[in-house]
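Just so it is clear, none of the values below were taken in a lab; they were calculated from the coordinates. Please read these numbers as outputs of a predicted model, since none were measured by experiment. Cβ placement follows ideal geometry from the backbone for every residue including glycine, while neighbour counts extend to all protein chains displayed.
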Amino acid sequence: MVKSVLRIILSGNTGAGKSASGNVILGRTAFGSEKGSEFVTKFCQEESCTIDGRNVSVLDTPDVFNKSGQEIDLEIKRLKDYIAAGPCVILLVIRLDSRIEDSLTVMEKYEGLFGEECFENGLILFTTDNQTGSNVENLKNKYPKLLTALKKYGNRYHVISNCTNFENRHKSRIFF
């Protein structure tokens with residue numbers, strides 16, 4: 001039996017680690033990624049791979065809501081076209097050491113565009129540069145908006161380290 005394509009959208013603010021997370025999921029360097037808060041991803045970019053016999057498509061997005069005029073319209077159209085092509089998972093990528101509440105504004109904007117159904121199959125993907133990660137439970141207590149966001153996502157979240165070399169990484173098993 002052929003498994004359906006797993007389609008993933010990486011959403012979040014500039015510098016959240018969307019591209020690096022996409023590279024971890026794909027198990028290779030497919031998306032340009034640099035540490036910091038500079039714009040690396042300028043437009044939506046799709047890359048694919050096969051993991052455990054399943055085709056996986058990953059859409060890396062720029063900080064869509066940090067664009068202007070025609071640029072934002074074009075990127076939102078690309079997002080809508082990707083979503084219209086079939087079921088997908090929207091990952092809200094949040095850097096653990098960032099301003100969490102600022103990161104959650106992206107979630108609110110996606111909800112405004114696509115409705116609450118964007119949370120049904122999604123999850124929050126926390127990114128970190130270290131192997132040990134951070135305690136998400138502590139963050140829940142510190143940021144009430146984070147607790148609300150996690151509830152919208154059915155309390156689904158994962159912490160991923162984007163710091164190791166690909167040679168030492170195995171493909172992410174977030175969904176498998």
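Once the Cβ-Cβ distance between Ala84 and Asn135 is put in as r, and R0 is 30 Å, what FRET efficiency do you end up with, to the nearest 0.05? Calculated transfer efficiency: 0.20.
Modelled spin-label separation between Glu116 and Tyr143, with each label point placed 7 Å from Cα along the Cα-to-Cβ direction: 2.3 nm. Here the 3J(HN,Hα) profile of region 143-157, calculated from phi with Karplus coefficients 6.51, -1.76 and 1.60 at θ = phi - 60°, is 10, x, 5, 5, 4, 4, 4, 4, 4, 4, 8, x, 6, 8, 8 Hz, Gly and Pro shown as x.
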